[in-house]
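One structure is given here, and the rest of the page talks about it.
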Amino acid sequence: HENVLRITAHARRGASPVRIRTVIDNAVTEWDDVLGHSVPVVIQIVSGLRTTIAHSTTRVA
């Protein structure tokens, strides 16, 4: 049984999915470097009303 890191990114209107994926990939690469091995990752990029009205402090455009 292997652990998998699941990442859900809530994209605001107008955000580039490619840019979001790039930022996540970079963060995962840094995480793997810290751990010393690769961790399997599932990335889900979502949008919608909840994303639009959410008050997040971390934003990627």
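Assorted remarks:
- Restricting the first member to the stretch 17-40 and to residues that are on the phi > 0 side of the Ramachandran plot, and the second to residues that are surrounded by 13 or more Cβ atoms within 10 Å (Cβ to Cβ), no beta-carbon pair is closer than 9 Å while six or more apart or on different chains.
- Of all residues in the stretch 24-49, those being surrounded by 12 or more Cβ atoms within 10 Å (Cβ to Cβ), hydrophobic (A, V, I, L, M, F, W, C) and not in a strand (DSSP E or B) number 5.
- Members of the stretch 9-22 found to be surrounded by fewer than 14 Cβ atoms within 10 Å (Cβ to Cβ) and within 11 Å of I45 (Cβ to Cβ), listed by number: S16, P17, V18, R19
Here, each number is a calculation from the coordinates, and none is a lab measurement. Keep in mind it's a predicted model, so treat the numbers as computed, not measured. Positions of Cβ are backbone-derived with ideal geometry, glycine not excepted, and every protein chain shown enters the neighbour counts.
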